[in-house]
Amino acid sequence: MATLLLLSQTVRAVKISGTITDDKGNVLAYASIFVKGSSLGTTSNNRGRYFLDLPAGNYTLVCQYVGYARQEKMVTLRAESVSLDFQLSIQQTVLKEVVVKPGGEDPAYEIIRHAIKKRKSYENPLDSFMCDAYIKTLIRSRTLPSKILGKTFSDEDRKDLGVDSEGKGIIYLSESLTRISFKKPDKVKLEVISGRESGSNGYGFNFPTFINFYNNNVNIFITQLSPRGYVSPIADGALNYYKYKFLGSFFEDGREINQIRVIPKRRFEPLFSGTINITEGDWRIHSLDLMLTKDYQLEIVDTLSIKQIQVPILPNLWRTQNQVVNFSFNKFGIDVTGNFLNVYSNYELSPQFRKKYFNNVIVHYDTAVNKKSLQYWDSLRPVPLEPEELENFQVKDSIFKAHNDPAYLQREADSLRKKQGKITALNIFINGIKRSNYDPEHPLTITVQPLLPMLEYNTVEGVVIGAEASFLKEYKKTDKSIEFTPHVRYGFSNTHLNAWATLTFRTRKLIQEMDGETSSRSTWTLAGGKRVSQFNPENPISPGMNAFYTLFFRDNYMKIYENYFGSIQYRKRFDNGFRVSASLLYEDRLPLNNTTNYSLFGNKDKAFTPNYPTALISENFSPNQALIAGFDLQFKPGQRYIEFPDNKLSIGSKYPTLALSFRMGIPDVVGSDVNYENWQFSFWDDINFKLKGLFKYRFGIGGFLNDKSVYVMDYQQFYGNQTFYASPYVNSFQMDPYYQNSTTAPLYGVGHIEHHFNGMLTNKLPGIRNLQWNLVVGSNALYVNNTNNYVDIFAGLENIFKLFRVDVVGSWINGKPGPVGVRVGFDGLFGNAIGNALRNPGARPGR
């Protein structure tokens with residue numbers, strides 16, 4: 001409603017515009033201009049230009065810029081546009097006549113103590129409110145390399161990105177309008193009314209960055225910038241982290257403003273530096289100019305600065321009027337700067353929210369969010385575009401429009417098909433092959449995996465060569481797809497050929513309702529053929545790692561069997577966080593034995609172990625058939641979402657994920673020899689303790705209700721590890737020998753905990769703190785009974801070169817001291833994503 005009112009006003013409004021400069025004529029970018037006594041206002045652009053549309057009448061305009069004296073001007077608006085410039089002078093502060101004894105305290109400390117006492121009352125002073133936020137995001141490159149991630153960055157690529165031959169130019173530009181709604185204690189909703197991205201039909205950067213320095217712990221955008229958050233200069237414990245220096249005071253509207261320099265006491269803590277201005281008497285934040293750098297636990301970007309101006313919208317109520325966040329990034333030859341400009345206006349202090357307005361959708365995008373006209377943006381935009389920005393929108397938008405012309409799309413598809421080139425030996429053995437028909441509505445993509453990474457070696461099959469391809473057909477309009485994936489595998493030592501295939505159907509449904517939209521995703525998977533499987537269906541050791549240990553140390557950890565199989569699985573995911581899966585698997589299982597004794601190195605007198613879990617059985621299993629039904633439920637209560645016009649994206653919950661699994665071996669059907677029921681319940685979550693680090697946990701219990709006929713591959717298996725490469729964190733047992741603790745017991749329990757200090761403690765250690773390596777500690781345990789149990793404890797360093805993690809692990813197995821070892825894995829700022837990508841997903845089809 002506020003936006004409609006604003007648009008209706010602009011029809012009969014008078015435009016007032018001008019330029020903001022200092023007393024030497026230098027432009028002041030992103031200065032704040034507002035109508036005194038109201039929430040109506042705007043911000044100057046990067047060239048100091050501003051405009052404001054107001055109904056005819058008499059006004060007092062206020063212009064503010066951090067570090068400069070505020071200026072007020074009276075203006076009368078009638079029918080014609082008015083030009084009104086502001087020229088601001090450096091803020092002249094006056095030092096109070098305060099007697100400071102030698103070794104005495106700076107006056108700033110007493111002011112900060114007052115601000116700390118008042119912090120809580122200003123943190124969320126309103127029971128509810130609504131306001132509009134205009135957000136403009138600009139990212140500009142100063143230098144770009146000739147290659148990015150090994151790919152040549154051609155002149156054509158530079159042109160598409162919008163930069164010149166030196167790599168200079170605007171690479172991202174967007175603007176948006178978002179309605180913000182809040183209701184105590186913690187209900188928030190963002191309604192993205194409009195958004196546009198230069199050169200695309202994207203929605204722009206739409207999330208207002210309400211950086212609230214009245215919070216003890218200040219969050220800046222995403223947690224990756226600093227998982228611990230940052231200590232506010234007026235946090236309850238701020239005096240333990242900061243030093244303060246009183247710079248003087250100045251007066252505005254008869255109100256004294258104290259200017260204080262904020263100085264971190266120690267490097268390598270999540271702290272700000274800069275200036276903060278505090279009002280005398282009521283001890284509010286008037287304005288601030290604060291900086292973050294890599295020396296103070298800033299990740300990803302090199303520097304980040306925040307400028308904020310608070311204004312009174314009622315005599316005793318102040319809110320943020322504008323906020324500018326600037327950042328710089330200079331890594332890998334990529335040198336970019338950017339800023340996020342937020343202008344807040346149209347505050348409603350007693351809004352009436354409809355029933356169920358606040359729900360699990362935190363961010364809602366209007367269905368016409370990216371379909372607004374240029375006239376709409378010209379009438380709404382509170383900050384004038386700079387000439388370069390205007391040109392960027394015009395050029396890139398015209399290119400985008402031309403590129404979406406059907407004739408162009410057809411030519412582009414033809415060109416892309418031709419550019420796919422010839423198939424080379426490099427494609428076949430290392431890079432793989434990918435071909436597409438580039439049909440915009442029904443694309444067909446064929447992918448062939450490279451042969452070399454599929455080359456294996458084990459003591460059963462010897463050298464193994466495999467091949468895998470996939471044929472994916474998508475139907476864009478109906479949001480459906482079908483994928484066929486054949487596999488083939490041949491062992492040169494046992495001369496066995498295995499071939500199997502999977503067929504997958506995927507659908508997604510989106511239903512529009514009065515209170516929003518609901519969505520669900522469904523997947524049917526059919527699979528069958530003859531394959532090789534590990535006894536543990538979670539595949540605790542990868543074929544590559546097994547080949548390394550077999551060839552170099554004569555440790556053949558992987559145990560496998562062959563099976564003719566057929567399976568069907570149905571999975572459905574709902575947008576409320578509920579997931580369900582049902583499966584039926586048939587296996588005709590055949591034992592396999594070692595057929596080769598070859599290794600490159602190692603003690604040749606050392607015998608390979610048999611190809612079955614010797615901790616569980618004394619000889620290989622007998623051929624058998626199994627028909628197994630499975631059912632899985634997973635639910636995360638309180639799941640929250642971003643609701644786009646055509647899909648939903650989950651953004652987590654404050655509650656843990658709950659999961660229930662059930663497997664039943666069905667006897668006497670299609671020759672099945674198994675007869676058992678196995679269940680498992682587990683729950684897991686991450687808890688961010690901010691400055692004290694991140695805590696992760698996972699617990700589970702389970703057991704066999706019936707174990708009348710259970711073969712070794714049907715046991716409850718646990719994810720052990722006997723290699724140097726770490727098994728999945730918070731879900732495995734790092735020193736537990738494979739199959740050592742597998743069981744058919746009626747009850748067992750498992751637990752995993754990890755605490756990531758994220759710089760706490762290690763920031764006190766010279767050398768390590770400079771590298772930003774972080775401490776992690778934890779434990780993994782399982783218990784079946786007094787003679788079947790396992791515990792490990794570990795401590796390590798993560799974020800090594802932003803990629804790696806190294807742990808020292810001690811263990812106890814079945815009540816006795818076990819091995820102590822080192823485990824190396826991927827973890828850290830970038831390593832966590834790499835580890836997840838490399839990790840074997842585990843379950844074979846139907847299990």
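Values as computed for the structure displayed
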item: Strands (runs of 3 or more DSSP E) completely within the stretch 235-330 that count 1 or more residues being at pLDDT 95 or above and more than 27 Å from the chain's Cα centre (by Cα); result: 242-252, 255-264, 273-279, 285-293
item: Hey, ASP686 of a type in the set (Asp, Glu), under 30 Å from LEU190 (Cβ atoms), open to solvent by 30 Å² or more (accessible area, probe 1.4 Å) and assigned to a strand (DSSP E or B) or not; result: yes
item: Selection status of ARG381, open to solvent by less than 40 Å² (accessible area, probe 1.4 Å) and of a type in the set (Lys, Arg); result: yes
item: Neighbours by Cβ (under 8 Å, 6+ apart or cross-chain): first from the stretch 34-61, under 14 Å from TYR344 (Cβ atoms); second small (Gly, Ala, Ser) and not in a strand (DSSP E or B); result: THR43/ALA31
item: Filtered residues of the stretch 524-537 (kept if free of Cβ contacts under 8 Å to residues at least 60 places away in the same chain and crowded, with 17+ Cβ neighbours inside 10 Å); result: GLY528, GLY529, GLN534
item: Considering residues of the stretch 440-456 that are out of contact with any Phe, Trp or Tyr (no Cβ under 7 Å at 6 or more places or on another chain) and surrounded by 15 or more Cβ atoms within 10 Å (Cβ to Cβ) only, the residue nearest to ASN546 (Cα to Cα); result: GLU456
item: Pairs with Cβ under 7 Å, 6+ apart, first in the stretch 538-562 and over 13 Å from PHE608 (Cβ atoms) and polar (S, T, N, Q), second open to solvent by less than 30 Å² (accessible area, probe 1.4 Å) and not in a helix (DSSP H, G or I); result: ASN539/GLY842
item: Any hit, the stretch 457-473, residues being modelled with pLDDT under 95 and either loosely packed, with under 15 Cβ neighbours inside 10 Å or farther than 30 Å from LYS509 by Cβ (or both); result: no
item: Pair list, Cβ under 6 Å, 6 or more apart: the stretch 233-250 residue buried (at least 20 other Cβ atoms within 10 Å of the Cβ), other residue assigned to a strand (DSSP E or B) and among the hydroxyl-bearing types (Ser, Thr, Tyr); result: PRO233/TYR242
item: Any chance PRO406 is in contact with a helix residue (DSSP H, G or I) (Cβ under 7 Å, 6 or more places away or on another chain), open to solvent by 80 Å² or more (accessible area, probe 1.4 Å) and at pLDDT below 85; result: no
item: Selected residue [at pLDDT 90 or above and either farther than 23 Å from ILE257 by Cβ or assigned to a loop (DSSP other than H, G, I, E, B) (or both)] from GLY37, GLY103, GLY25; result: GLY25
item: Any pair with Cβ under 7 angstrom, 6 or more apart, that starts in the stretch 415-432 at a residue that is among the charged types (D, E, K, R) and ends at one that is open to solvent by 60 Å² or more (accessible area, probe 1.4 Å); result: ARG417/TYR438
item: Any hit, the stretch 141-156, residues being closer than 18 Å to GLU389 by Cβ, part of a strand (DSSP E or B), at pLDDT 90 or above and in contact with a strand residue (DSSP E or B) (Cβ under 9 Å, 6 or more places away or on another chain); result: yes
item: The stretch 541-568, residues that are more than 17 Å from LEU592 (Cα to Cα), in contact with a strand residue (DSSP E or B) (Cβ under 8 Å, 6 or more places away or on another chain) and open to solvent by 40 Å² or more (accessible area, probe 1.4 Å); result: GLY544, ILE568
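The values are calculated or read from the model by the stated rules, or taken from the named source; none is laboratory data. Since this is a predicted model, take the numbers as computed values, not measurements. Cβ sites come from the backbone with ideal geometry, for glycine too, and all protein chains shown count toward neighbours. The accessibility values were calculated without ligands, DNA or RNA, using every heavy atom of the protein model including side chains. Shrake-Rupley method; radii C 1.70, N 1.55, O 1.52, S 1.80 Å.
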